[in-house]
Amino acid sequence: MNDFAEITLNSNNLGQIINPPNPGDLYTYYENKEPNQVFLDTVITVKSLQTSGKEASDFVSVKIIYDDKYEYTTFSTLEENGGKDFTYSNITYIEPLQTGVLHFLASLPSETENDGKPLKAVLTVNGEEFEQIIR
């Protein structure tokens, strides 16, 4: 994305609990306590090409499409301290030429974990949509 950001989709992970990649002594994690639900964690690296700081949550948004018809929203969180913790993406800025790692979490029915039906992430970046086939 010229003059906006460099966006890299790193991974998609399904699980009941989402931890930061390098948990510190004290850290935030996300646990899906809804019955028969799991999180899909879509991990995206953003390098800002902006001339001033911008809220991390303003660079990209993600929705999940399951079985070519069911749409799920996500919420985001931002890694901090080298992946030791998570912080709020809507109040934390990514400064010019700096990089942040965002996690977009969607709560999905647990059957989506192993049923083999189509699953994709739709990323919206600066008004443009991109699809990533998960399976």
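The residues of the stretch 33-54 that are hydrophobic (A, V, I, L, M, F, W, C) and assigned to a strand (DSSP E or B), listed by number, are Val38, Phe39, Leu40, Val43, Ile44, Val46. Screening Ser52, Ser76 for residues that are surrounded by fewer than 17 Cβ atoms within 10 Å (Cβ to Cβ) and of a type in the set (Gly, Ala, Ser) leaves exactly one candidate, Ser52. Residues of the stretch 125-135 that are more than 12 Å from Thr42 (Cα to Cα), of a type outside the set (Gly, Ala, Ser) and either in contact with a Phe, Trp or Tyr (Cβ under 8 Å, 6 or more places away or on another chain) or in a loop (DSSP other than H, G, I, E, B) (or both): Val125, Asn126, Arg135.
Conditions tested, residue by residue: (1) assigned to a strand (DSSP E or B); (2) more than 23 Å from Asp25 (Cβ to Cβ); (3) free of Cβ contacts under 8 Å to residues at least 60 places away in the same chain.
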{"site": "Ser57", "(1), (2), (3)": "no, yes, yes"}
{"site": "Val62", "(1), (2), (3)": "yes, yes, no"}
{"site": "Tyr72", "(1), (2), (3)": "yes, yes, yes"}
{"site": "Gly83", "(1), (2), (3)": "no, no, no"}
{"site": "Pro96", "(1), (2), (3)": "no, yes, yes"}
{"site": "Phe104", "(1), (2), (3)": "yes, yes, no"}
{"site": "Lys120", "(1), (2), (3)": "yes, yes, yes"}
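Bear in mind these aren't lab numbers, they're just calculated from the coordinates by the rules spelled out. Because the structure is predicted, anything quoted here is derived from the model rather than measured. Cβ coordinates were reconstructed from backbone atoms using ideal geometry, including for glycine residues, and neighbour counts include every protein chain displayed.
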